[in-house]
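Reading through the structure tokens given below for one structure.
What follows draws every value from the coordinates through simple rules; no lab data is involved. Predicted model, so just to flag it, every value in this text is computed and none were measured. Reconstructed Cβ throughout: ideal geometry from the backbone, glycine too, with neighbour counts over all protein chains shown.
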Amino acid sequence: MKIVDVKTFVVGVPPPHFGGRYWIFLKLVTDDGVVGYGEVYSVPFHPHVVAKMIEDVCARKVIGADPFQIETLWRTIYSSGYTQRPDTSILGILSGIEMACWDIIGKALNKPAYMLLGGKVHERLRTYTYIYPEPGDATDIYHDAALSAERAAKYAAQGYTAVKFDPIGPYSSFDPRQLSLEGLALGEKFVKLIREAVGDKCDLLFGTHGQLTPSSAVRLAKRLEPYDPLWFEEPTPPEQPEEMAKVAQQTSIPIATGERLTSKYEFSRVLACGAASILQMALGRVGGLLEGKKIAGMAEAHYAQIAPHLYCGPIAAAADIQLSTCSPNFLIQESILNFGDFHTKILRQPLNWQDGYIVPPSGPGLGVELNEEVAAQHPYTGNRLHLEMTDHPVQFEIA
């Protein structure tokens, strides 16, 4: 079996854009007609440039290759152009290609990918969602603790056993920063009111995006500890996990991190210095399914758990589900609400979310098929990137 063709899809996500402004999918086709789909997550270039990058890598390294030769493909693409380091751009492209290869392998063998990566450990997967705005909200839910608490209680009633929220304010190109007293108080208020609203029915996942210095993160953590969050996410920037470890050493709240990391090499630093006990690899960036499995194995040896990150489309979500299903140290899977609306339309068969849990698919490969007609009907025509930071320092936070 050889790969003979590649096609890319840059899909604009309709409002309210949950999961990002656009999704980048790719399709690999073999000489006997087997199709595999992958998704590339948040490469820091315009998505149409990224599509050209995918085509370039495939022309040089993938067309003519055997999709079963995952390790060889991984090493040759990872080392492309004498890089051989955990760069988010090449690793993002590699992730989508590798994901599509597993889809092909599973289809060729008529097995879900998780059966080829160790077998089914979990019959269903616990999920969490961010607290999202809704039409008709009179205030900004990310600054209105009372409204967020009300929304969290609604999610708990739907079956969610964990909710995530990030009340710290914008993330800036000039972070990390020291939070103001007002900012600290707002973070504490969110946790207090949401805990009161959901009681012990839901875990609270306190999200940040590396906005804090270690000392500021410790100050905030001390305020949050009485409400027992399940985790404090990426409190400091990703470049220096040793600095994040200083936070982990001074709080009882588990630290979670990993959405901006790539490869086993970066995650090994996190584990070695004790920066986090919950790893949030994004399979559309980290290096793909097998790389995610290797990281999960390293984490298992450190008694750390995995909670795959997801803020993109349903092909990457399907890959997350495959990894989570076969990983003994799986904790919880991020979902985007219940994967409804456009997440459903872009697939031939929607993901199976039931009462706060995902039921792993039994179909071969990733267990999902891209609806290419819907993808073609929603081209991305904007200029902004998937996620962007403010380009000025954040001086203070407004409650």
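List of remarks:
- Additional length obtainable on full extension of the chain from T344 to K294, 0.36 nm per residue less Cα span: 15.0 nm
- Rounded tilt (10° steps) of 181-198 against the dominant C-alpha axis of the chain: 80 degrees
- Dipole-positive endmost among F9, A318, I70 within the chain (Cβ charges, Cα centre): I70
- GNM flexibility winner over the chain from G284, G363, G274 (Cα, springs under 10 Å): G363
- Integer Hz, Karplus 6.51/-1.76/1.60 couplings in order for region 120-125, x for Gly and Pro: 6, 9, 10, 6, 8, 10
- Cα-Cα over 29 Å, subset of K164/K345; K27/K154; K107/K293; K192/K294; K189/K293: K27/K154; K192/K294; K189/K293
- Most mobile of L109, L28, L283 in a GNM of the chain (Cα contacts under 10 Å): L109
- Ellipticity at 222 nm from helices only: DSSP H runs of n ≥ 4 in the chain, each -39500 (n - 2.57), divided by the residue count, give -11000 deg cm²/dmol.
- Taking every DSSP bridge with both residues inside region 115-366, close to 15 percent are antiparallel.
- Trypsin sites (Lys or Arg not before Pro) restricted to region 320-399 and DSSP loop, no more than 12 other C-beta within 10 Å: R348, R384
- Compared with the alpha-carbon gap, the fully stretched path from S252 to R384 is longer by 43.7 nm at 0.36 nm per residue.
- Residues in region 207-226 reached by a label modelled at Q240 [backbone nitrogen below 20 Å; 7 Å Cα→Cβ]: 208-221
- Residues I346, I253, sorted so that the one with the fewest Cβ neighbours within 10 Å comes first: I253, I346
- Placing +1 on each Lys and Arg Cβ and -1 on each Asp and Glu Cβ, with no other charges, gives the chain a dipole about its Cα centre of roughly 560 debye.
- Of the residues L220, I358, F330, the one whose Cα sits farthest towards the positive end of the charge dipole of the chain is F330 (charges of +1 on Lys and Arg Cβ, -1 on Asp and Glu Cβ, taken about the Cα centre).
- Across region 157-176, the residues whose backbone nitrogen lies under 20 Å from the label position 7 Å along the beta-carbon direction of V359 are 158-161.
- Label-to-label distance, nm, for residues given as D391 and V29 (7 Å Cα→Cβ offset): 4.1 nm
- Restricting the calculation to Cα atoms, region 4-43 yields a radius of gyration followed by a Dmax of 12.5, 40 Å.
- Count Lys and Arg as plus one, Asp and Glu as minus one, and take only other residues whose Cβ is under 14 Å from that of S252; the net charge is then 0.
- Calculated Rg and Dmax of the chain using C-alpha coordinates, Å: 20.3, 63
- FRET E, pair N352, S215, Förster distance 45 Å, beta-carbon r, rounded to 0.05: 0.50
- Dmax and Rg, reported as Rg then Dmax, of region 133-269 (C-alpha, Å): 15.0, 45
- Residues H386, H309, arranged from fewest to most other Cβ atoms within 10 angstrom of their Cβ, appear as H386, H309.
- Qualifying GluC sites (Glu not before Pro) in region 102-205, DSSP loop, other Cβ atoms within 10 Å at most 14: E123
- If a spin label sat at a point 7 angstrom from the Cα of K2 along the line to its beta carbon, the backbone N atoms of region 31-61 nearer than 15 Å would be those of 31-34, 59-61.
- Of the chymotrypsin sites (Phe, Trp or Tyr not before Pro) in region 287-365, those whose Cβ has at most 10 other Cβ within 10 Å and which sit in DSSP loop: Y303
- Positive-end ranking of Q178, F206, V394 along the dipole of the chain, with charges on Cβ about the Cα centre, is headed by F206.
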